[in-house]
Structure formats: C-alpha cells, structure tokens
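Peer 1: Submitted below is the structure of interest, expressed as structure tokens.
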Amino acid sequence: MTTESKVSKRKTVLRLSAVEDSEWELLYHYILNSSKLGSRELVNRSLRSFWLPFAYRETEKFSEADLKEVALDCLAQLYAQMLLISERFEVTPQFMNQSPHTGSATATVISNLPDSRDTPEPEVPVLNSPEFFDYDDSAFMNMLRS
C-alpha cells in the first residue's frame with residue numbers, strides 16, 4: 001500500500017461587497033446571476049485582462065518576451081470586450097473612428113463583427129473565442145502603439 005503525502009496549497013480569497021442600491025451592487029448581482037461562464041471565471045478573466053501583465057512584471061520571474069506575450073494577450077482580451085460593448089450597445093468611442101492607420105485593426109475588427117440582430121446569442125462569452133474577431137497582428141500592434 002502506497003502512502004501519498006498531502007500537498008498543502010495556499011488559497012487566496014478575494015471578497016467583494018457593495019453598498020445597497022449602488023452600481024457595484026448591480027454589477028455584482030449581474031456577475032453572480034447572468035454569466036454563462038460562472039461568476040468566479042468571469043471575475044478572474046476580467047481581473048486577468050486588466051492586471052496580469054503588471055503582476056508578471058512585479059515578480060521579476062519572467063523574461064521580457066514573456067511579459068510582452070502576456071501583455072498582448074491581455075490587450076486582445078480587452079479589445080475584444082471593447083468591441084463587444086460597442087456592438088451590443090451600438091456605440092463607438094470617438095478614438096475608434098479616428099485611426100491614424102489606413103486599413104487599421106480597428107476597421108478590420110469592427111467590419112468582422114456579427115450583426116446582433118442576425119446572430120443568436122453565443123452559448124459562452126466571446127472573451128477567448130477566436131471566431132469573435134480576426135485581426136492582423138501587425139496592424140493591431142501598430143494601432144496600440146499610436
């Protein structure tokens with residue numbers, strides 16, 4: 001009979017609370033009840049997109065190439081979310097209309113968005129879905145640098 005040693009893993013817990021009738025309460029209620037991903041996954045993906053490159057840099061365990069790779073991945077996730085909001089609420093931020101590059105990633109991505117009136121709601125959020133948008137990496141990087 002083999003005895004396996006138990007590996008103890010530390011668990012980090014983040015608790016959120018909101019004042020009644022605040023926008024935060026509304027947001028937390030939405031996250032807890034509306035996501036097909038589950039509230040934990042939705043919060044994790046959101047936090048990851050905003051802050052993971054900074055966390056990577058803080059640890060000093062990652063190469064510059066690793067930092068750039070995770071930063072680009074997070075930017076792609078944030079960009080996809082921005083496009084989702086723009087499409088679903090039929091609004092376009094002014095900077096999306098003023099791209100300094102001809103044939104920019106912004107124009108390419110927006111033209112590839114499905115029409116919400118013709119497309120059924122996706123089964124899962126599109127945060128990691130390659131079908132959501134198709135962009136040219138170099139055009140995307142040029143847009144981000146401008």
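The values are calculated or read from the model by the stated rules, or taken from the named source; none is laboratory data. As the structure is a prediction and not an experimental result, all values here were calculated from the model. Note that we place each Cβ from the backbone using ideal geometry, even for glycine, and neighbour counts take in every protein chain shown. Accessible surface is based on the protein model in full, side chains and every heavy atom, while ligands, DNA and RNA are left aside. Shrake-Rupley method; radii C 1.70, N 1.55, O 1.52, S 1.80 Å.
Peer 1: Checking the conditions here, which among S49, S34 is of a type in the set (S, T, Y), open to solvent by less than 100 Å² (accessible area, probe 1.4 Å), without any contact (Cβ under 8 Å) to a residue 24 or more places away in the chain and outside the structural domain of L67 (by the TED database)? Write out each step before concluding.
Peer 2: Numbers: S49 fails: without any contact (Cβ under 8 Å) to a residue 24 or more places away in the chain.
Answer to the check: S34.
Peer 1: Only one of S39, S86, S34, S63 is within 18 Å of L14 (Cβ to Cβ) and of a type in the set (G, A, S); which? Write out each step before concluding.
Peer 2: Details: S86 fails: within 18 Å of L14 (Cβ to Cβ); S34 fails: within 18 Å of L14 (Cβ to Cβ); S63 fails: within 18 Å of L14 (Cβ to Cβ).
One residue alone meets the criteria, S39.
Peer 1: Quick one: K68 ticks every box in (1) surrounded by 15 or more Cβ atoms within 10 Å (Cβ to Cβ); (2) in a helix (DSSP H, G or I) bar one, so which box is it?
Peer 2: The failed condition is (1).
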